[in-house]
Amino acid sequence: SPAPQRHLPLRYLQISSFANSSWMRTDGLAWLRDLQAYTWRNDSDTICFLKPWSQGTFSDQQWKQLQQTFQVYRRSFTRDIREFVKMLHVDYPFEIQVSAGCEELPGNTSESFLRVAFQGRDVLSFQGTSWVSAPDAPPWGQMACTVLNQDQGTRETVQWLLHDICPRFLRGILETGKSELEKQVKPEAWLSSGPSPGPGRLLLVCRVSGFYPKPVWVTWMRGEREQSGTQQGDIVPNADETWYLRVTLDVTAGEATGLSCRVKHSSLGDQDIILYWDRSHASVG
Ligand code: C8P
């Protein structure tokens with residue numbers, strides 16, 4: 001049966017592109033598990049709510065304060081990076097990614113993180129009370145941390161955001177977003193044949209689409225026997241906040257009859273979807 005999802009992280013992702021000494025942009029977005037709830041485009045002064053529950057249980061006043069903190073941060077970030085470029089002799093163009101967030105853990109505890117990547121590689125993170133450079137960061141990573149660690153005010157603000165605000169805010173949106181997180185959307189499934197793997201062979205394809213939440217179990221069977229040659233693709237997103245999965249089996253033409261694709265998903269209860277292979281599927285792309 002599908003593995004349950006226990007983790008409900010809140011994640012902030014930021015992409016900052018610096019083309020040269022005059023052109024740059026920063027875009028931010030944030031997710032609750034696999035639902036995008038916020039966007040913060042470069043040309044917008046304010047963080048945009050994508051869900052009716054995005055403000056969680058924070059008051060307008062609390063949210064306004066938090067947004068101000070982020071506005072100051074975004075301006076300061078750009079200015080700081082420009083200064084680092086001069087000080088550390090880094091070349092344009094480059095991209096910086098910031099990811100931060102928190103997650104509830106068993107026993108009323110939570111875990112938070114803040115990481116910064118340069119050209120797609122980790123350069124530094126915030127650990128406990130200070131900035132730490134990544135193990136394989138370029139030499140200037142250490143230098144950047146030393147400079148950042150001199151700013152006591154920012155270190156305190158980051159600790160407050162990560163260990164106080166983030167878990168409290170998360171608790172709120174888990175409440176206000178509960179019904180959407182718990183939504184159950186049934187998959188549809190269909191069979192077709194893929195490109196022939198070789199002479200006299202068939203690639204049986206079972207596609208499952210439109211399900212939510214993400215955990216799903218799909219396999220090729222003969223009667224009650226799971227077929228060990230089943231190949232699972234990645235579970236990939238549809239555009240409508242549902243998921244898609246493709247599962248294949250490579251067989252000889254003679255083995256195909258009697259095979260079925262079986263789908264288990266929380267939205268289906270005990271009513272698994274079972275689709276039987278027959279000749280009519282053989283020619284479809
Ligand atoms: O804005 C601040 C404090 C807040 C920093 C928040 C970090 C946000 C990440 C986050 C997102 C979501 C969830 C949780 C966390 N500090 C800036 C302004 O600081 C001034 C004073 O210096 C402070 O003492 C204090 O008084 C503050 C009060 O407003 O005002 C500060 O400039 C800071 O440095 C901004 C950037 C912080 C992030 C640094 C990432 C560095 C990446 C370096 C990579 C090197 C690249 C080299 C090309």
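Out of 249, 275, 191, which single residue is in contact with a helix residue (DSSP H, G or I) (Cβ under 6 Å, 6 or more places away or on another chain), at negative phi and at pLDDT 95 or above? Matching residue, one of 249, 275, 191: 191.
When we screen 107, 177 for residues that are more than 30 Å from residue 279 (Cβ to Cβ), modelled with pLDDT of 95 or more and not hydrophobic (A, V, I, L, M, F, W, C), the only hit is 177. State whether one or more residues within segment 104-112 are touching a residue at least 40 places away in the same chain (Cβ under 8 Å), more than 10 Å from the ligand (Cβ to nearest atom) and over 15 Å from residue 84 (Cα atoms). There is at least one residue in segment 104-112 that is touching a residue at least 40 places away in the same chain (Cβ under 8 Å), more than 10 Å from the ligand (Cβ to nearest atom) and over 15 Å from residue 84 (Cα atoms). All of (1) surrounded by fewer than 16 Cβ atoms within 10 Å (Cβ to Cβ); (2) within 26 Å of residue 148 (Cα to Cα); (3) more than 9 Å from the ligand (Cβ to nearest atom) hold for residue 85 with one exception: (3).
Quick grid of which residues meet (1) more than 10 Å from the ligand (Cβ to nearest atom); (2) in contact with a Cys (Cβ under 8 Å, 6 or more places away or on another chain); (3) modelled with pLDDT of 95 or more:
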{"site": "74", "(1), (2), (3)": "no, no, yes"}
{"site": "93", "(1), (2), (3)": "yes, no, yes"}
{"site": "101", "(1), (2), (3)": "no, yes, yes"}
{"site": "130", "(1), (2), (3)": "yes, yes, yes"}
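Scanning segment 189-230 for residues that are without any contact (Cβ under 8 Å) to a residue 24 or more places away in the chain and under 20 Å from residue 1 (Cβ atoms), which turns out surrounded by the fewest Cβ atoms within 10 Å (Cβ to Cβ)? Only one residue fits best here, namely 224. Within segment 82-98, residues that are in contact (Cβ under 8 Å) with a residue 24 or more places away in the chain sit with their Cβ atoms under 7 Å from residues that are more than 9 Å from the ligand (Cβ to nearest atom) and part of a loop (DSSP other than H, G, I, E, B), at 6+ positions apart or across chains, in these pairs: 92/19; 92/20; 92/21; 93/19; 93/20; 94/119; 95/119. Scanning segment 256-271 for residues that are in contact with a strand residue (DSSP E or B) (Cβ under 8 Å, 6 or more places away or on another chain) and surrounded by 15 or more Cβ atoms within 10 Å (Cβ to Cβ) gives 256, 259, 260, 261, 262, 263, 264, 265, 267. The residues of segment 56-72 that are aromatic (Phe, Trp, Tyr) and either assigned to a loop (DSSP other than H, G, I, E, B) or more than 9 Å from the ligand (Cβ to nearest atom) (or both), listed by number, are 58, 63. Right, residue 31: surrounded by 15 or more Cβ atoms within 10 Å (Cβ to Cβ), among the hydrophobic types (A, V, I, L, M, F, W, C), in contact with an Asp or Glu (Cβ under 8 Å, 6 or more places away or on another chain) and closer than 29 Å to residue 211 by Cβ or not? Against the criterion (surrounded by 15 or more Cβ atoms within 10 Å (Cβ to Cβ), among the hydrophobic types (A, V, I, L, M, F, W, C), in contact with an Asp or Glu (Cβ under 8 Å, 6 or more places away or on another chain) and closer than 29 Å to residue 211 by Cβ), residue 31 does not qualify. Residues in segment 84-97 include none that are touching an Asp or Glu at 6+ places or on another chain (Cβ under 8 Å) and either within 22 Å of residue 7 (Cβ to Cβ) or aromatic (Phe, Trp, Tyr) (or both).
Is it true that residue 175 is assigned to a helix (DSSP H, G or I), in contact with a Ser or Thr (Cβ under 7 Å, 6 or more places away or on another chain) and acidic (Asp, Glu)? Criteria met by residue 175. Quick test of your reading of the structure: residue 172 fulfils all but one of (1) within 19 Å of residue 7 (Cβ to Cβ); (2) out of contact with any Gly (no Cβ under 7 Å at 6 or more places or on another chain). Name the failing condition by number. Only one criterion in (1) within 19 Å of residue 7 (Cβ to Cβ); (2) out of contact with any Gly (no Cβ under 7 Å at 6 or more places or on another chain) is unmet by residue 172, namely (2). Applying the criterion of at least 1 residues that are more than 14 Å from residue 272 (Cβ to Cβ) and of a type in the set (Phe, Trp, Tyr) to the strands (runs of 3 or more DSSP E) found wholly in segment 180-235 leaves 188-193.
The values are calculated or read from the model by the stated rules, or taken from the named source; none is laboratory data. All values reported here derive from a predicted model rather than from experimental measurement. With ideal geometry, Cβ positions are generated from the backbone for all residues, glycine too; neighbour counts draw on all protein chains shown.
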